[in-house]
Amino acid sequence: MDNFMELWLSLPGSLQVLRLHSLTVKPSSKPVEYSRKLLPQLTIVDLSGCGWITDVQLKPLLNPTHLTQLDLAGCYRLFSGPPANSDIVMRIDRLSATLCEFCPQLTILGLRSVFTLPLGVGDAGWTRDAFLLNRIVRNLPKLVVLDISNNKSITDYLSFWLSRTDCTTIRSFITEFLNLTVGRLKTIHTQKLIIRDWPLDCVEALLMEVHSLANPTSSSLTVVVDNRLQHLVS
């Protein structure tokens, strides 16, 4: 495919499921004219492995009414990502704003290998914000499954706060994720958090917080880890 606009315009307006695994098209820095084509019936968008895609190409595929499943695994350029930017605070803010505006009905969100760059202590902001990860889930009241596996930026961030013997960061994130059901979606009984390829210190700290939290919603949380760490959750 020569360019994203050609691909986008070829999609039928009645399309409900879009899967573009590892597809490569030429990126464009030109803004997409959203009014030229709408995809209002999309409920599932799977762009896993599409490392070429940027915010400009993503937004026309989202809709705030029907979209319930979004898989962005390996889409490391999204949310003002590299090479444009590597500031984790700015990127998660952009992620949060995008989800809130374009797909607030999500029940399943895949962010594996999206925030892949290691963090430097000199990076502005994240060493002073212990609640950064809360913004990922805050605007998704129906979220049931979240995959944040293999994200070096996220685990570096967590390791930094754990090194300060401060578990507030993980505790607050888990509480935010679980409490999304309070008074909003009482039919949820089990939520799933996927954290494959996380370092041991982060996995252990997260599981400790999960086990210690009193969950007033009576919903349960399943944590999915690597096979080598399966004994920690069994």
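The values are calculated or read from the model by the stated rules, or taken from the named source; none is laboratory data. What you see is a predicted model, and the numbers here were worked out from it, not measured in a lab. Cβ placement follows ideal geometry from the backbone for every residue including glycine, while neighbour counts extend to all protein chains displayed.
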Worksheet item: Is it true that some residue in the stretch 193-213 is within 20 Å of the chain's Cα centre (by Cα), surrounded by 11 or more Cβ atoms within 10 Å (Cβ to Cβ), at pLDDT 75 or above and over 28 Å from ARG164 (Cβ atoms)?
Response: no
Fill in: the stretch 57-89, residues that are among the aliphatic types (A, V, I, L, M) and surrounded by fewer than 16 Cβ atoms within 10 Å (Cβ to Cβ)
ALA84
Discussion item. Between a residue in the stretch 99-116 that is more than 20 Å from VAL89 (Cβ to Cβ) and any residue that is among the small types (Gly, Ala, Ser), which pairs come within a Cβ distance under 9 Å, given they are 6 or more apart or on different chains?
Written reply: GLY110/SER48; GLY110/ALA73; GLY110/SER149; ARG112/SER48; ARG112/ALA73; ARG112/GLY74; ARG112/SER149
Item to complete: May I ask you to list the residues in the stretch 98-130 that are exposed (fewer than 15 other Cβ atoms within 10 Å of the Cβ) and modelled with pLDDT of 95 or more?
Response: none
Fill in: Residue list for the stretch 7-37, filter: over 23 Å from ALA84 (Cβ atoms) and at pLDDT 75 or above
LEU9, SER10, LEU11, PRO12, GLY13, SER14, LEU15, GLN16, VAL17, LEU18, ARG19, HIS21
